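I have placed the structure first, in the form of structure tokens, so that the comments after it can refer back to it.
The values are calculated or read from the model by the stated rules, or taken from the named source; none is laboratory data. The structure displayed is predicted, hence computed values, not measured ones. For neighbour counting, all protein chains shown are included, and Cβ atoms are generated from backbone atoms with ideal geometry for every residue, glycine included. What goes into the accessible areas is simple: the full protein's heavy atoms, side chains included, and nothing from ligands, DNA or RNA. Shrake-Rupley method; radii C 1.70, N 1.55, O 1.52, S 1.80 Å.
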Amino acid sequence: MRTAVTLCRVPEAAAGPFVFHDSLDVGFAKAKAAGFSEVELFLPAPGSIEEILKLQDTHGLGIAAVGTGAGMVRQGLSLTDPDPEKRRAALNFVISMIEFGGKLGAPAILGSMQGRWGGDVSREQALQWLAESLRVAGETAANYEVPFIYEPLNRYETNLINRLGDGADWIESESLHQIVLLADLFHMNIEEADIAAALIHAGRHVGHVHFADSNRHAMGLGHTDLRPIAGALKQIGYNQCLSAEIFPLPDPDTAARKTIEALTTFSQLSLSLP
Ligand code: LER
Ligand code: MN
């Protein structure tokens, strides 16, 4: 089972849902000590490939994915901004992160940089711009033989696509290639009627999971029922990463330890399910 923990180096996201906010060296060491197989990186901009490869080698860790949200939290960029210059800058930033991740064999994630519709921009227009960007992102990712990860977010973070099934239908209707969906269990707890049913419906498009409880604390510290989720992921043959994008509460080390405990339960549940 591939497991990851989030490591954030973006000062503007210090209060965000990331477990570790240490230097890369310390963060990698803590991720390894906690028992994860990979780290998911949230950096201000593309990092040094040489430095990350060296850290991977030293600590024996994979890179699960790289986030692109710094383009939003630092520069206010989004792929659906009414200003074409800002949309172009947003896509350039996303492409730079796809190339950064790609050189490490890791996919990039589109979350908050998808933006939202409103004002002079209709939903149809915003989704058309988003599809055009995802086409370019998918082609870029394909050069590195990695997917590009699109994340439906809850209604308080975007008004474009909030549910996994809508994401799957949209990818298919737009014939988007190389794009997979991120099932963030925190967003799904808000938006889905039935998390397990949604995972099964979107099955073949699910390429990454943010492993968070209902309150975005470590799994086990909220009220999400893990059993049906384990069953659904087993049913769709999910074999990618379970990545803890959660608040570092009550403290980072406890959040990491609780996640590892929940991942152990998850894997025992999966083994015991038909
Ligand atoms: C934001 O809520 C989120 O889930 C991230 O993965 C995307 O920036
Ligand atoms: Mn997420």
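When both bridge partners sit in the chain, DSSP labels roughly 5% of those beta bridges antiparallel. For the range 143-234, the relative contact order is 26 percent, taking Cα pairs closer than 8 Å that sit 6 or more residues apart in sequence and dividing their mean separation by the residue count. A cut-off of 5 Å between modelled amide H atoms, ignoring neighbours fewer than 5 places along the same chain, links S214 with G222, H223, T224.
When the Cα centres of the range 1-41 and the range 164-221 are compared, how far apart do they sit, in Å? The distance from the Cα centre of the range 1-41 to that of the range 164-221 comes to 22 Å. Dipole magnitude for the chain: about 360 debye, using +1 per Lys or Arg Cβ and -1 per Asp or Glu Cβ, origin at the Cα centre. Projecting the Cα positions of L110, V10, S37 onto the charge dipole of the range 2-272 (unit charges on Cβ atoms of Lys, Arg, Asp and Glu, taken about the Cα centre) puts S37 furthest along the positive direction. Once all protein chains are placed together, T265 keeps about 60 Å² accessible to a 1.4 angstrom probe.
Extension gain for the segment A193 to I49, taken as residue separation times 0.36 nm less the Cα-Cα distance, is 47.7 nm to one decimal. For the range 16-85, the relative contact order works out to 32 percent when only alpha carbon pairs closer than 8 Å and six or more residues apart are counted.
Within the shell of other residues whose beta carbon sits under 13 angstrom from the beta carbon of F247, the net charge comes to -1, with Lys and Arg scored +1 and Asp and Glu -1. For the chain, which whole-number percentage of the solvent-accessible area (1.4 Å probe, protein heavy atoms only) is attributable to carbon and sulfur atoms? Summing carbon and sulfur atoms, their accessible area is 50 percent of the total for the chain.
Over the residues of the chain, the helix contribution to mean residue ellipticity at 222 nm works out to -14000 deg cm²/dmol, using -39500 (n - 2.57) for each DSSP H run of at least 4.
Within a straight-line Cα-Cα reach of under 12 Å, K258 can be paired with the following aspartates and glutamates, leaving aside sequence neighbours fewer than 8 residues apart in one chain: D213.
The residues of the range 76-232 have, on average, 40 Å² of accessible surface per residue, using a 1.4 Å probe with all protein chains present. The relative contact order of the range 2-272, computed from alpha carbon pairs under 8 Å that lie at least 6 residues apart in sequence, is 18 percent. Take the Cα of N215, step 7 Å toward its Cβ, do the same at A142, and the gap between the two points is 4.5 nm. The charge dipole of the range 122-223, taken about its Cα centre with unit charges on the Cβ atoms of Lys, Arg (+1), Asp and Glu (-1) only, comes to about 140 debye.
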